[in-house]
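Here the structure is laid out as structure tokens; the discussion comes afterwards.
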Amino acid sequence: MAAKGDMVYAWAKDAEIQKKGECGGAVTALLKHALESKAVDAVIAIKKGKDLYDAVPVVITNPEELIQTAGSLHCGTLLMSTFIQKYLDGAKSMKVGVVVKGCDLMSLIELGKRNEINMNNVLTIGVNCGGSVNPILGRKMIKEKFGVDPDKVTKEEIDKGQFIIEYEGGHKGISIDELEEEGYGRRSNCRRCLYKVPRQADLACGNWGVIGEKAGKATFVEVCSGKGAELLQKAFKSGVIATAP
Ligand code: FAD
């Protein structure tokens with residue numbers, strides 16, 4: 001029985017989602033379950049476009065296609081709320097599930113207050129966020145500071161205060177502080193952001209707090225609403241996610 005305030009480690013049971021997901025794929029598995037069980041009509045998430053620096057917002061109605069959206073793109077700086085407001089009629093006639101960073105959530109809530117978005121129709125899966133990197137500056141930083149061709153990078157992440165890249169032939173991490181002192185690193189608005197754990201979402205998910213053998217393989221989930229508790233519980237009962245205290 002899940003309830004508001006609960007905190008668990010979670011990961012996807014499906015091997016493909018687990019592998020492609022950033023930290024075990026719980027977020028993707030939860031959203032897939034929401035679509036399959038018709039808790040939502042569509043999911044709005046981000047997928048990799050031309051390359052790692054090209055984050056594309058997508059609306060997905062076929063649960064089998066959700067795998068395309070697994071993984072975190074730290075150069076994805078889009079505002080998901082604007083997408084719902086402009087292109088989905090503010091979720092006024094459909095139920096949507098959406099992955100939100102703190103900034104996306106603040107904006108969603110504000111647009112909800114102005115009746116631009118119907119928040120009753122929005123299921124929010126929050127991702128904890130230490131910040132994102134402007135994609136153009138990201139490419140420049142990788143070339144100039146890391147000495148790596150940005151097109152050869154296969155994965156980027158921010159972990160333990162470092163911006164880390166994996167590329168053909170190796171991996172390299174440089175301290176975010178050092179990068180930012182030299183004008184690279186996270187966007188300035190992310191650096192001053194105080195909303196790193198989006199607890200106004202239905203669930204807040206992240207890698208912070210995952211220690212031991214599950215580090216990197218599970219997501220820390222904080223249940224923030226009754227809607228979030230219901231989703232987590234139903235997904236667990238259906239066998240799409242596994243959890244641990
Ligand atoms: P997955 O199953 O891989 O699902 C991830 C979801 O995030 C997908 O639906 C994907 O479409 C969506 N997504 C990817 N990029 C973006 C984006 N730019 N904007 C909005 N949605 C996106 N956790 C921490 O604890 N500390 C951090 O500092 C931290 N920083 C993050 C920064 C960014 C920009 C993002 C996107 C995530 C960050 N996270 C952070 C969360 C963490 O990376 C994982 O997303 C989380 O642990 C869930 O893992 P998962 O395997 O369950 O997710």
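The values are calculated or read from the model by the stated rules, or taken from the named source; none is laboratory data. Keep in mind the model is a prediction, meaning the values are calculated, not measured. Note: ideal-geometry Cβ built from the backbone for every residue, glycine included; neighbour counts use all protein chains shown. Quick note on the areas: whole protein, heavy atoms, side chains included, nothing else; ligands and nucleic acids left out. Shrake-Rupley method; radii C 1.70, N 1.55, O 1.52, S 1.80 Å.
Within the stretch 115-171, being polar (S, T, N, Q) and either open to solvent by 50 Å² or more (accessible area, probe 1.4 Å) or out of contact with any His (no Cβ under 6 Å at 6 or more places or on another chain) (or both) holds for Asn115, Asn118, Asn120, Asn121, Thr124, Asn128, Asn134, Thr154, Gln162. Highlighted here are the strands (runs of 3 or more DSSP E) found entirely within the stretch 102-211 that include at least 3 residues which are under 28 Å from Ala229 (Cβ atoms) and either without any contact (Cβ under 8 Å) to a residue 60 or more places away in the chain or more than 10 Å from the ligand (Cβ to nearest atom) (or both): 122-127. Residues that are farther than 22 Å from Val223 by Cβ, away from the ligand (no atom under 12 Å from the Cβ) and not hydrophobic (A, V, I, L, M, F, W, C) within the stretch 15-59 comprise Asp41, Lys50, Asp51, listed in sequence order.
Filtered by the rule that a residue be free of Cβ contacts under 8 Å to residues at least 24 places away in the same chain and either under 15 Å from the mean Cα position of the chain (by Cα) or in a helix (DSSP H, G or I) (or both), the stretch 212-229 gives Gly212, Glu213. Any residue at all in the stretch 60-82 that's assigned to a helix (DSSP H, G or I), open to solvent by less than 50 Å² (accessible area, probe 1.4 Å) and more than 12 Å from the ligand (Cβ to nearest atom)? Taking every residue of the stretch 60-82 in turn, at least one turns out to be assigned to a helix (DSSP H, G or I), open to solvent by less than 50 Å² (accessible area, probe 1.4 Å) and more than 12 Å from the ligand (Cβ to nearest atom).
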